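All remarks here apply to the structure that follows.
The values are calculated or read from the model by the stated rules, or taken from the named source; none is laboratory data. Keep in mind the model is a prediction, meaning the values are calculated, not measured. Using ideal geometry, Cβ is built from the backbone for each residue, glycine included, and neighbour counts are taken over all protein chains shown.
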């Protein structure tokens with residue numbers, strides 16, 4: 001499904017002027033607070049009528065101000081999950097879930113109640129009331145209610161913002177399942193880079209009411225120039241790998257990626273389990289020869305593919321490691337000392353890796369080894 005957004009709107013002193021096309025399973029609207037992310041999803045949902053523009057969802061025109069088209073929000077078949085679950089406290093979980101069904105015409109009801117309950121792991125909650133649920137459980141019920149409206153598109157506006165870190169780790173695997181199994185495309189609003197890199201197949205970077213960049217996650221996360229200034233230290237390469245083997249003697253998992261073999265402490269899953277990794281530019285060292293006598297376990301071989309602007313004390317070096325782009329941030333002094341140039345053979349020494357948990361099922365489904373989901377920086381030396 002393709003979502004086309006081209007809208008302009010003025011909200012007080014804030015000007016929104018956004019133009020992008022999204023075609024991924026989960027497209028993240030990413031940017032600092034106040035960049036216009038929620039305004040965009042509200043326009044897509046029909047909660048805001050833009051001054052001018054056009055919104056098309058899977059070929060269906062929702063807004064076209066030039067032709068006087070504005071489909072009311074109740075006719076758009078778009079589900080919306082807010083920051084707060086907004087469940088009805090006097091209704092049970094089962095009744096909250098079925099609330100979505102009641103307002104969906106029978107001819108348009110395509111959602112399977114049992115399948116959605118199973119997908120979100122809320123079968124044991126059906127007879128409870130919201131007051132007896134945790135924050136993560138409430139949000140899963142809110143997602144289920146939105147899915148039971150049989151939406152053509154699901155909007156999620158900072159759905160984890162009100163949860164503490166433990167509850168976020170609890171619900172993230174369910175959103176991954178939703179992304180991979182529900183067949184409902186998602187537009188996901190967040191200012192948290194860890195959420196975005198773990199969940200998004202595509203990213204739209206928002207800044208001051210504009211979409212400054214959009215595309216596949218692995219491409220956008222390398223654009224250090226377009227990321228919010230507070231997130232530039234988090235930028236780098238996104239690598240999809242799989243578990244090749246586990247070494248119990250050292251408690252190390254060996255991950256296979258196109259860039260090479262990557263070793264990570266701990267048992268991360270069964271052989272073949274998919275894992276998403278983030279290699280931050282600041283955590284990559286470079287060498288012109290294969291290093292020896294080094295504690296770091298992960299060394300990736302490649303060639304220099306590009307050198308960034310050399311105006312400040314630091315510079316970004318781009319490498320091609322067997323088709324996988326890697327970015328390293330080093331000083332200009334190191335650049336001169338190594339005499340790096342495009343096409344030159346080089347070795348990337350990975351000091352640490354961020355595990356983003358891609359492809360993992362919730363622990364209750366036994367996809368891994370019973371360990372809690374991991375989403376943190378891991379030293380590799």
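Details
- Residue match in the range 82-91 (condition: farther than 20 Å from residue 209 by Cα, outside any loop (DSSP other than H, G, I, E, B), over 29 Å from the mean Cα position of the chain (by Cα) and at pLDDT 90 or above): no
- Restricting attention to the range 323-351, the residues that are modelled with pLDDT under 90 and either surrounded by 19 or more Cβ atoms within 10 Å (Cβ to Cβ) or under 23 Å from residue 180 (Cβ atoms) (or both) add up to 0.
- Checking each residue in the range 286-298 for being part of a strand (DSSP E or B) and either modelled with pLDDT of 95 or more or in contact with a helix residue (DSSP H, G or I) (Cβ under 9 Å, 6 or more places away or on another chain) (or both) picks out 286, 287.
Every residue, every condition in (1) crowded, with 23+ Cβ neighbours inside 10 Å; (2) touching a strand residue (DSSP E or B) at 6+ places or on another chain (Cβ under 9 Å); (3) over 19 Å from residue 200 (Cα atoms), yes or no:
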{"position": "130", "(1), (2), (3)": "no, no, yes"}
{"position": "133", "(1), (2), (3)": "no, no, yes"}
{"position": "136", "(1), (2), (3)": "no, no, yes"}
{"position": "151", "(1), (2), (3)": "yes, yes, yes"}
{"position": "159", "(1), (2), (3)": "yes, yes, no"}
{"position": "174", "(1), (2), (3)": "no, no, no"}
{"position": "178", "(1), (2), (3)": "yes, yes, no"}
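- In a residue-by-residue description of the range 354-371, the property of being in contact with a strand residue (DSSP E or B) (Cβ under 9 Å, 6 or more places away or on another chain), modelled with pLDDT of 90 or more and not in a loop (DSSP other than H, G, I, E, B) applies to no position.
- For the range 118-155, a tally of residues being free of Cβ contacts under 8 Å to residues at least 12 places away in the same chain and over 24 Å from residue 106 (Cβ atoms) returns 3.
- Check on residue 249, buried (at least 23 other Cβ atoms within 10 Å of the Cβ), at pLDDT 90 or above and outside any helix (DSSP H, G or I): no
- Screening the range 307-322 for residues that are part of a strand (DSSP E or B) and touching a helix residue (DSSP H, G or I) at 6+ places or on another chain (Cβ under 9 Å) and picking the one that is surrounded by the most Cβ atoms within 10 Å (Cβ to Cβ) gives 317.
- Verdict on residue 28 being part of a helix (DSSP H, G or I) and either surrounded by 14 or more Cβ atoms within 10 Å (Cβ to Cβ) or in the same structural domain as residue 159 (by TED's automatic domain parsing) (or both): no
- Number of the condition not met by residue 301 [criteria: (1) within 32 Å of the chain's Cα centre (by Cα); (2) touching a residue at least 60 places away in the same chain (Cβ under 8 Å)]: (2)
- Answer residue from the range 217-233, given it is within 14 Å of the chain's Cα centre (by Cα) and surrounded by 15 or more Cβ atoms within 10 Å (Cβ to Cβ) and is modelled with the highest pLDDT among those: 217
- Looking across 345, 257, 287, 281, one residue alone is in contact with a strand residue (DSSP E or B) (Cβ under 9 Å, 6 or more places away or on another chain) and within 25 Å of residue 173 (Cβ to Cβ). It is 257.
- Residue identified as without any contact (Cβ under 8 Å) to a residue 40 or more places away in the chain and assigned to a loop (DSSP other than H, G, I, E, B) among 47, 62: 47
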